[in-house]
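Q: One structure, pasted below without further comment.
The values are calculated or read from the model by the stated rules, or taken from the named source; none is laboratory data. Note that the structure is a prediction, hence the values are computed from the model and not measured. Cβ coordinates were reconstructed from backbone atoms using ideal geometry, including for glycine residues, and neighbour counts include every protein chain displayed.
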There are 2 protein chains.
Amino acid sequence: MKGDAFDPDCPTRLILDRIGDKWSVLVVLGLTGGPRRFTELRGLIGGVTPKVLTQTLRAMERDGLLTRTIFAEVPPRVEYALTPLGASLRRPIEAIAAWAEENVEAVVSARDRHDALA
Amino acid sequence: MKGDAFDPDCPTRLILDRIGDKWSVLVVLGLTGGPRRFTELRGLIGGVTPKVLTQTLRAMERDGLLTRTIFAEVPPRVEYALTPLGASLRRPIEAIAAWAEENVEAVVSARDRHDALA
DNA sequence: CAGGATCCAATGCGATACTG
DNA sequence: CAGTATCGCATTGGATCCTG
């Protein structure tokens, strides 16, 4: 880890902005089990609107993290799948997710303790 | 990893919101070398305004990720340091940072390729 | 089914100026 | 030095309705 990430103009920031988007993280998590359709993802990820999900998917497609495949059928079917690049993101993201699940409690109680004496 | 993170009401989302904040990530990175003063951090992290840095630090203190120590001196000195909890975040965060540095190029070129045929 | 379009409310964030 | 206060734009994100 060089100091790169500290430079506002360093492209590394681009990645952080992407990871930083919680929807992106959840999409990666949601696609770990294989390709998913739009509505599947929408249902899987609680609280996301179609608009935002679309934006997220488009941005991730642009960044080469996933593919969007349209099947010429009726009714229309579109599948999203992780690319190898996107799949390689799983490990770090799962590390974060694991940390989150392990430490939520500590964070919440720290928060409560802090708020108690406010 | 259970499906927790997909539930909008699950506290795990709280963590993602925190990690999702790019400033928090950079603060953790900036404090890996030991305690730092406000201005040091400000200088270290390019492009952050005092206001936002303060907000970030306060939120992280609230969550038990770092401590804020005021020294009764003139001129005033305030040091920020990671708590054990905050320090435990380093590993997952560095995993992300490492991924970012390894794959920025791939992402940027994917983006360029995508934009080229737009 | 998979979104695109539109409108709007919230707020994040930067710039600037000021204080203990 | 280490912030706080205020202003204001610009972006984000939700809600809703519509279409290939």
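Q: Filter region B:29-41 down to residues that are buried (at least 17 other Cβ atoms within 10 Å of the Cβ) and within 11 Å of chain A (Cβ to nearest Cβ) and give me whichever is nearest to DNA strand D (Cβ to nearest atom).
A: B:L41
Q: Among the residues of region B:59-76 satisfying the criterion of being of a type outside the set (V, I, T) and exposed (fewer than 13 other Cβ atoms within 10 Å of the Cβ), which is farthest from DNA strand D (Cβ to nearest atom)?
A: For region B:59-76, the residue satisfying everything is B:A72.
Q: Tally time: how many residues in region B:42-56 are closer than 15 Å to B:V78 by Cβ and within 7 Å of DNA strand D (Cβ to nearest atom)?
A: Summing the residues that are closer than 15 Å to B:V78 by Cβ and within 7 Å of DNA strand D (Cβ to nearest atom) in region B:42-56 gives 2.
Q: Tell me which of these A:S24 doesn't satisfy, since it passes every other one: (1) within 11 Å of DNA strand D (Cβ to nearest atom); (2) over 25 Å from B:R113 (Cα atoms).
A: Of (1) within 11 Å of DNA strand D (Cβ to nearest atom); (2) over 25 Å from B:R113 (Cα atoms), only one is false for A:S24: (2).
Q: Then there is this: Within region A:43-58, work out how many residues are of a type in the set (A, V, I, L, M), crowded, with 17+ Cβ neighbours inside 10 Å and part of a helix (DSSP H, G or I). Write out each step before concluding.
A: First pass over region A:43-58, keeping only residues of a type in the set (A, V, I, L, M): A:44-45, A:48, A:52-53, A:57.
Add one more test, that the residue is crowded, with 17+ Cβ neighbours inside 10 Å, and what stays is A:44-45, A:48, A:53, A:57.
Subsequent filtering for residues that are part of a helix (DSSP H, G or I) retains A:44, A:53, A:57.
Total satisfying the criteria: 3.
Q: Could you say which residue among B:L57, B:L66, B:L82 is aliphatic (A, V, I, L, M), within 19 Å of A:H114 (Cα to Cα), in contact (Cβ under 8 Å) with a residue 12 or more places away in the chain and touching a Pro at 6+ places or on another chain (Cβ under 9 Å)?
A: Within the list B:L57, B:L66, B:L82, the selection yields B:L82.
Q: Which one of these is among the β-branched types (V, I, T), closer than 16 Å to A:E102 by Cβ and either within 7 Å of another protein chain (Cβ to nearest Cβ) or within 15 Å of DNA strand C (Cβ to nearest atom) (or both): B:T49, B:T12, B:T54? Show your work before the answer.
A: Numbers: B:T49 fails: closer than 16 Å to A:E102 by Cβ; B:T54 fails: closer than 16 Å to A:E102 by Cβ.
When all the criteria are applied, what remains is B:T12.
Q: Look at region A:81-92 and say how many of its residues are more than 8 Å from every other protein chain (Cβ to nearest Cβ), part of a helix (DSSP H, G or I) and surrounded by 12 or more Cβ atoms within 10 Å (Cβ to Cβ).
A: Residues flagged as more than 8 Å from every other protein chain (Cβ to nearest Cβ), part of a helix (DSSP H, G or I) and surrounded by 12 or more Cβ atoms within 10 Å (Cβ to Cβ) within region A:81-92 amount to 3.
Q: If you don't mind, another one. Only one of B:A81, B:A87, B:A5, B:A97 is of a type in the set (A, V, I, L, M, F, W, C), within 16 Å of the chain's Cα centre (by Cα) and modelled with pLDDT under 90; which?
A: Details: B:A81 fails: modelled with pLDDT under 90; B:A87 fails: modelled with pLDDT under 90; B:A5 fails: within 16 Å of the chain's Cα centre (by Cα).
Selected residue: B:A97, the only one of B:A81, B:A87, B:A5, B:A97 that is of a type in the set (A, V, I, L, M, F, W, C), within 16 Å of the chain's Cα centre (by Cα) and modelled with pLDDT under 90.
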